[in-house]
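Student: One structure follows; several queries about it will come next.
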Amino acid sequence: MINIDRLALEFKNLVSIESPSKKEGKIAYYIANIFDALGYKCLFDRSAENTGSEVGNLIIKIPGTISTSPLFLGAHLDTVGPYENPKIIFENGIFKSDGRTILGADDKSAIAILIEITKILKETKMPHPPLDLIFTTCEEIGLLGAKYLDINLIDAREGFILDSENPTEVIIGAPSSYQFKLKVKGKSAHAGLEPEKGINAIHIISKIIAELPIGRIDKETTMNIGIISGGKFVNIVPEKALAEGEIRSHNDEKLENLKSSIQKQAEKIISSYPFKLNDLPKAEVDFDKVYQAFYIPPEDSICQLVKKAGEKLGLKISFKRKEGASDANVFNEKGLKCLILGTGMQKVHTTEEYIALKDMVITAELVLEIIKMKNEFSK
């Protein structure tokens, strides 16, 4: 039922449109024009006032032809870089770029799939529930579009985000995350003439970091220091130093313990510093929550829906947790229950990114079967 040539052409059209975060206007209006021509209502929310994007999130309202609860399907509009003047190659069933840019399968493979499915529903008049298609902005820079989504425009309360790799692996959980900034203030002095009058902030922050757990802490939890900065000249004792990092866990209690450990380690090193000068040195840790964890057990009806749909197609569906975040983290926190489906995208966020057309077809068939079976699981 999937029109493979049409799906491939639409994907190629989409990845040829540059759409970095905050500059999603061109692709958003391209998509809106497609759905408008199909006769569906297209809405833009006011999230751009907060995200800084050229446009708000795009919501497509597709009326149902059967009386059952609605379903939402989502994808994000933006890509990472490099993205300028992409040249797309299609060989042996594989899409890739020429190596200068990303491909953009993350997440335009999902957009192409949703467009193809909608066209099939229109052409075949297949019975289906009401559908909300949600295309978010600024996903790649902090899930901003999802965070500022106007959920009053969304009728559905459960659905799927298409934003992962393997089409037969369904993501049912993802971690919470905090980013943090560790700031140390010391005192500057001439490093050669009077170093004893200075307090080396870089030395202090190094001691703090040296005793922190870094990397994989356990099967649920990770921590990373990604940026360190400080000092101005090699002959001046550095007055300030900054370390930036992140912590992730599927267990919120473990995250709180990690936050406490970082704070206590900073306090320990400062308190043990051999001398004080005008209440210096000082250390301060600021935490910023980026997203909230979610977990939907395999026994839940939405998991059983996708499992049964997969069985109908002869697919062996597996349920996994993922270490990265997506719009699904935000949607679940907002009360919009959802899972993450894969489209076949591989090596995303690199210039080696690629996707097999056959995997996109598998996902399209799976989503179409989910839509068909939704009525059964709503009874």
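Student: Out of G159, G145, which single residue is surrounded by 21 or more Cβ atoms within 10 Å (Cβ to Cβ), within 17 Å of A75 (Cβ to Cβ), under 16 Å from the mean Cα position of the chain (by Cα) and at pLDDT 95 or above? It would help to see each step written out before you state the result.
Tutor: On the way: G159 fails: under 16 Å from the mean Cα position of the chain (by Cα).
Going through G159, G145 in turn, the sole match is G145.
Student: Checking S67 against (1) buried (at least 18 other Cβ atoms within 10 Å of the Cβ); (2) not in a helix (DSSP H, G or I): exactly one of these is not met. Which one?
Tutor: (1)
Student: Can you name every one of the helices (runs of 4 or more DSSP H) wholly within the range 220-334 that holds 2 or more residues which are under 19 Å from the mean Cα position of the chain (by Cα), free of Cβ contacts under 8 Å to residues at least 60 places away in the same chain and farther than 30 Å from E196 by Cα?
Tutor: Working: elements: 252-271, 301-312, 327-333.
So the answer is 327-333.
Student: Would you say S261 is among the polar types (S, T, N, Q) and surrounded by fewer than 19 Cβ atoms within 10 Å (Cβ to Cβ)? Steps first, please.
Tutor: Values: among the polar types (S, T, N, Q): yes; surrounded by fewer than 19 Cβ atoms within 10 Å (Cβ to Cβ): yes.
In short, yes.
Student: Here is a further query. Just to check your reading of the model, which residue among I62, I89, I120, I115 is within 27 Å of N375 (Cβ to Cβ), assigned by TED's automatic domain parsing to the domain that holds I362 and in contact with an Asp or Glu (Cβ under 7 Å, 6 or more places away or on another chain)? If you could, list the steps in order and put the result at the bottom.
Tutor: Working: I62 fails: in contact with an Asp or Glu (Cβ under 7 Å, 6 or more places away or on another chain); I89 fails: within 27 Å of N375 (Cβ to Cβ); I120 fails: in contact with an Asp or Glu (Cβ under 7 Å, 6 or more places away or on another chain).
None of the other options fit; the residue is I115.
The values are calculated or read from the model by the stated rules, or taken from the named source; none is laboratory data. Because the structure is a prediction, the values reported are computed rather than measured. Please note: Cβ atoms are built from the backbone with ideal geometry, for glycine as well, and neighbour counts cover all protein chains shown.
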